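Input: a single structure, listed below in structure tokens.
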Amino acid sequence: MAGGKESPRQKMIGMMYLVLTALLALNVSKSILDAFINIEANIQTGNNTEVQRGDEKKSDVAGKQTNDEGNPNKIAVEIFKVMEEIDAETAKKIVLIDKIKLMIFQKCGEDLSPGAEKPICLKDRAQWTLDFANVTKPGLTKNSEPIRPIKMNLNHVAKKDAYDEQMFIMGINENILDVNKKAPGFAVWPAMFEYRKILCDLIVKASVAIDDDGNKYAFKDPNIKKFKDLKDLGVQMEKALDASNVNRDDRGIISNIYRSLTKNELQPDPHSEGEFRHWVGGTFDHAPSVAAIAALSSLQSEILTARANAMAYLSSKVGGGNYAFNKVMPLAIASPSVSGGASDTLKVMMAAYDSEKQPEVKIDAGKGTLVDTRDGQAFIAYTAPSGGEMELTGEIGIKDKFGGVKWAKYATTVKVVEKGGSIALPEVSVFYTDWPNKVVYSAAGVVSTSVTCTGCSKSQKNKSWKDTDGTSYKGDWLYVNRGVRTVTVSLQGKDNNGNTVTFGKNIFPVKKFPKPEVKTKSISKSRGGFLDVGLGDAFNFKGIKYKVTGGEILGKGFSGDRLKPGNLAKARPGQKLGIVLFTKRTDTGKKDIIEGVIQIK
């Protein structure tokens with residue numbers, strides 16, 4: 001650290017830092033070393049899980065290479081070939097990192113013999129031979145599982161706190177700012193970038209192999225080694241995919257794998273302001289040997305996770321699913337409009353969605369605004385034109401298990417119904433006091449309608465009734481007090497979004513409810529007869545009845561609704577007599593005194 005092309009002052013500072021860190025390293029507490037040992041053990045467990053996850057997907061595809069009739073399944077065969085290539089490349093990287101681990105232990109003078117009293121490398125597979133004496137390329141021979149990292153027990157490492165040896169292997173023993181790229185351990189850096197490119201290329205290769213249209217897909221590696229943050233990394237990756245000719249379905253998994261295997265090459269040096277150090281230097285500088293092993297195992301973990309994700313994705317092309325759903329909902333789709341009396345077809349289905357992953361939406365310009373996403377649905381607000389129809393278009397996407405977004409174009413046409421409404425009084429053309437004025441109304445372009453009345457005393461909503469000819473009506477009954485001359489009835493409605501739409505006002509004159517008339521035109525002098533009263537023929541009120549309670553004729557009163565012969569004793573046949581009747585309306589109990597003329601027979 002004090003060497004290289006540095007100023008005398010910087011060399012002195014570097015030397016002081018070296019001495020200080022050396023003193024600190026001599027006193028690394030046992031608890032810290034034990035923590036790294038536990039981290040390594042957990043990483044090993046996770047690596048085994050990832051190996052198994054990838055193996056299961058590969059085994060699924062292997063079993064689908066022939067169908068029930070014994071014929072080859074072309075897609076499964078081609079996908080399995082690519083999986084074999086992925087495993088070959090994965091094995092190279094896992095073996096490389098294992099080699100570097102062994103070289104670090106060699107440099108530290110550890111006993112790597114499997115027969116040691118406390119063996120560091122543990123046999124955990126059917127075939128396994130450790131060549132621990134090879135000083136340039138130690139590793140396993142006769143290895144039955146080359147993609148599985150060597151299982152190690154770091155508790156058996158004697159020099160757990162050694163750091164000079166591993167720094168030498170990693171190429172940072174001289175200057176962490178300028179790593180020795182020829183050191184054997186530095187090989188992990190280009191290997192990670194090589195692996196991410198190969199893995200992406202093999203996914204594209206699988207799509208080419210099974211594409212029925214003969215598309216020649218290709219991935220253009222952007223070779224990303226520098227980014228501000230994860231968002232910037234994602235932006236760079238999207239640009240790279242846009243510049244590449246990859247299958248649209250592959251974009252998500254390629255982006256996921258590439259980003260998971262990408263690291264910033266240069267990092268700010270916390271000990272030298274304005275200086276930058278290589279990722280290898282920042283990761284392994286003065287790290288105890290067990291910490292260096294854990295860091296290398298974490299790289300193996302990234303490789304095995306990427307491998308398992310690639311296997312899972314390729315398996316889904318053979319018959320597995322890329323998506324997970326935890327809820328379903330009924331969905332009915334009808335034509336946006338239909339003519340009266342015409343036949344139509346309603347489509348009914350179950351829509352599945354993941355309540356934890358809401359869709360993403362790209363709305364075409366002028367085709368609405370996204371207001372909410374929930375329950376697997378996107379809600380888009382739009383303003384319809386004054387007439388005609390409107391086409392709403394855009395794209396909707398949902399993330400798959402691998403973090404990629406599957407996009408699909410949507411389009412629907414909305415026919416614009418011009419808003420209009422009407423109010424009618426089916427019985428009369430004016431309002432009357434002392435009477436439920438029956439109002440029917442309708443409107444187009446809304447989902448609900450209602451009326452309000454200015455000048456009315458009360459209303460009864462949603463009443464149903466029938467006319468004498470059997471015609472059915474449904475509407476409101478509005479009541480008006482005496483003394484009111486006009487009322488104003490307003491019609492309004494609610495559209496699909498709950499907005500109130502006003503259709504105008506209707507002004508109606510108000511009249512006093514008419515008195516009944518004497519319906520009896522003649523009566524027999526000798527027999528008498530019943531008296532009938534009711535509204536005149538000009539009034540179309542339904543259900544109105546009157547009862548005669550008494551009256552006066554020939555200057556004498558009588559009771560009830562029948563004239564007796566005695567009441568007509570002084571009358572002459574053919575004579576027309578004036579009569580006064582006392583009446584009572586049966587529905588309201590209102591009493592009236594009316595006058596009429598009866599001819600005596």
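Read the figures in this text as sums done on the coordinates, not as results from a lab. What you see is a predicted model; the values in this text were computed from it and never measured. For neighbour counting, all protein chains shown are included, and Cβ atoms are generated from backbone atoms with ideal geometry for every residue, glycine included.
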What nm distance separates the two modelled labels at Ser59 and Ile333, each placed 7 Å from Cα along Cα→Cβ?
4.0
Given a Förster radius of 45 Å and the C-beta distance between Thr500 and Val235 as r, what FRET efficiency does 1/(1 + (r/R0)^6) yield to the nearest 0.05?
0.50
Alpha-carbon centroids, the stretch 526-601 and the stretch 92-107: separation in whole Å
122
Degrees separating the helix 289-318 axis from the principal Cα axis of the chain, which is the longest one:
50
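Taking GluC sites (Glu not before Pro) as candidate sites, keep only those in a DSSP loop with at most 12 other Cβ atoms within 10 Å, then name the longest stretch of the chain containing none of them.
419-601
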Phi angles of the stretch 58-73, converted by Karplus (6.51 cos²θ - 1.76 cosθ + 1.60, θ = phi - 60°) into ³J(HN,Hα) in whole Hz with x for Gly and Pro, give 5, 5, 4, 5, 4, x, 9, 6, 10, 8, 5, 8, x, 7, x, 9
About its Cα centre, how strong a charge dipole does the chain have in debye, to the nearest 20, once Lys and Arg get +1 and Asp and Glu get -1 at the Cβ?
5340
Spin-label point model (7 Å from Cα, Cβ direction): what's the Arg485 to Lys521 distance in nm?
3.9
Can you pull out the trypsin sites (Lys or Arg not before Pro) in the stretch 150-243 whose DSSP state is coil and whose Cβ has at most 14 other Cβ atoms within 10 Å?
Lys181, Lys182, Lys216, Lys220, Lys225, Lys226, Lys228
State the extension gain, in nm to one decimal, for the chain segment bounded by Glu84 and Ser448, taking 0.36 nm per residue of separation less the distance between their alpha-carbons.
124.7 nm
Cysteines not pairable in the chain (beta carbon separation under 4.7 Å absent):
Cys108, Cys121, Cys200
What size of dipole, in debye to the nearest 20, comes out for the stretch 517-600 about its Cα centre when the only charges are +1 on Lys and Arg C-beta atoms and -1 on Asp and Glu C-beta atoms?
300
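Assuming R0 = 35 Å, can you tell me the calculated FRET efficiency for the pair Ile32 and Asp221, based on Cβ-Cβ distance, to the nearest 0.05? Intermediate values should be presented prior to the final figure.
On the way: r = 39 Å, r/R0 = 1.12.
With R0 = 35 Å, the Cβ-Cβ based efficiency is 0.35.
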Along the charge dipole of the chain, Cβ charges K/R +1 and D/E -1, which of Thr413, Asn256, Pro288 sits furthest on the positive end?
Thr413
Suppose R0 equals 41 Å; then what is the FRET efficiency for Asp249 and Lys118 from their Cβ-Cβ distance, rounded to the nearest 0.05?
0.20
Using Cα atoms only, what is the angle between the long axis of helix 74-108 and the major principal axis of the chain, expressed in degrees (0 to 90) to the nearest 10?
50
What is the set of long-range amide H partners of Gly420 at a cut-off below 5 Å, with H atoms built 1.01 Å from backbone N?
Ala444
Place +1 on the Cβ of every Lys and Arg and -1 on the Cβ of every Asp and Glu in the chain, take the dipole about the Cα centre, and give the residue among Ile579, Gly589, Gly455 whose Cα lies farthest towards its positive end.
Ile579
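Only helical DSSP H runs with n ≥ 4 go in: add -39500 (n - 2.57) per run for the chain, normalise by residue count and round the 222 nm mean residue ellipticity to 500 deg cm²/dmol. Each step should come with its number before you reach the end.
Working: 9 runs with 176 residues, N = 601.
Per the formula, -10000 deg cm²/dmol.
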Separation of alpha-carbon centers, the stretch 294-309 and the stretch 478-503, rounded to whole Å
71
Which listed residue (Thr393, Ser559, Thr500) has the Cα farthest towards the positive end of the charge dipole for the chain, taking +1 on Lys and Arg C-beta and -1 on Asp and Glu C-beta about the Cα centre?
Ser559
May I ask you to compute the full-extension gain from Asp592 to Val580, defined as 0.36 nm times their residue separation minus their alpha-carbon distance, rounded to one decimal in nm?
3.3 nm
Candidate cut points under trypsin sites (Lys or Arg not before Pro) in the stretch 111-148, DSSP loop plus at most 11 other Cβ atoms within 10 Å of their own Cβ, are Lys142
